[in-house]
Amino acid sequence: MRGALHALLFILLALITGPAPLAAEEEIFYALCPKSLNNPFWDEVKIGMDRAAKELGVKAEFVGPIEADAAQQVQRIEALLERKVDGIGISPNVPDSVIPVIAKARAKGIPVICFDADSPNSERLCYVGTFNEQAGYEAGMLLRKYLPEGGKVLAISGGPAALNLQQRVEGFKRALKGSNIDLAPILYCNDDMNRATQQIEGFVAANPDLKGFFGVGLWSAIPMAHIRRDKNLDIIVIGFDTLEVELQLIKDGLMEGVVGQKAIDIGYQSIMTLDKLRKAGDKMEEIADDVDTGSDTVTRENVEEFAKSKGFELK
């Protein structure tokens, strides 16, 4: 009788408390490692990452250095390997700097992809993001449209070793072939708006005949638009990325247009790709394939419509 009572109490307790929760170590955990955390572009990538993680019911974190720094980025990836991480996405500051840490992760069976910027000589499984050479070409053609007579043009990029930016600049140069545009030597601001501002002000002072500008990223496009306004300059400005602040500058007449990465899609597809690779297990290398998230071209003709599609309310 006593045994039957104990059994009944056990059953009642199980019904009340429900099944035991899964152990914390069984939670799926992915990490995306951007070049830095101080670039507003990454805020939109993180939105996409969070959206995908919520859909999949997994944990995802953004892990990177505050400022663009290859050595610090590698240190943070190394730290991830000490945790139970189920997949890593990396946007390398320097393509070759992450080769050893990617090899270490792959030796542990962890799927690793590159997003936004690539490390093609590493053991990463695939690349997710914009095909930057083509996007740079589109930016160059946009500049040619607004500067048909040609003239002196300045372009400021971020880190000189970043492969995605190198590809973007190469595409831009390809578009300028056969035109009368005189492209000055590329300057590099290391993704720093303050440094870009100083470089632009110095170049404008020394080159009053400047006719056009290409901001290879928002960190140089936005300062150029502000300097154009403050100094009342007659300069064509083409930028990259489609953040709300840039769209407002287009509407205000301070930029002619931008070619933009689909940042939210990059974050979303990176997590979805990592999840697919993890689930493939030993066959992950067989199914791995690059994902082109595409790009958008925005000018004054379509800026308000594009802003509404992203939920922005321009002034």
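Read the figures in this text as sums done on the coordinates, not as results from a lab. Predicted, not measured: the structure shown is a model, and the values here were computed from it. Heads up, the Cβs are rebuilt from the backbone with ideal geometry, glycines too, and the neighbour counts pull from every protein chain shown.
General observations
- Rounded is the label for region 132-261. Its Cα gyration tensor axes, ordered a ≥ b ≥ c, give a/c under 1.5.
- Residue with peak Gaussian network fluctuation, the chain [Cα springs, cutoff 10 Å], from Glu78, Glu123, Glu133: Glu78
- Whole-Hz ³J(HN,Hα) from phi, Karplus 6.51 cos²θ - 1.76 cosθ + 1.60, for region 131-146, glycine and proline x: 7, 5, 4, 5, 5, x, 4, 4, 5, x, 5, 5, 4, 4, 4, 8
- A cut-off of 5 Å between modelled amide H atoms, ignoring neighbours fewer than 5 places along the same chain, links Asn302 with no other residue.
- With 10 Å bins beginning at zero, the pair-distance distribution over Cα atoms of the chain amounts to 6, 25, 29, 19, 11, 5, 3, 2, 1, 0, 0 %.
- Estimated inter-spin distance, Thr297 and Leu56, nm [label 7 Å along Cα→Cβ]: 3.4
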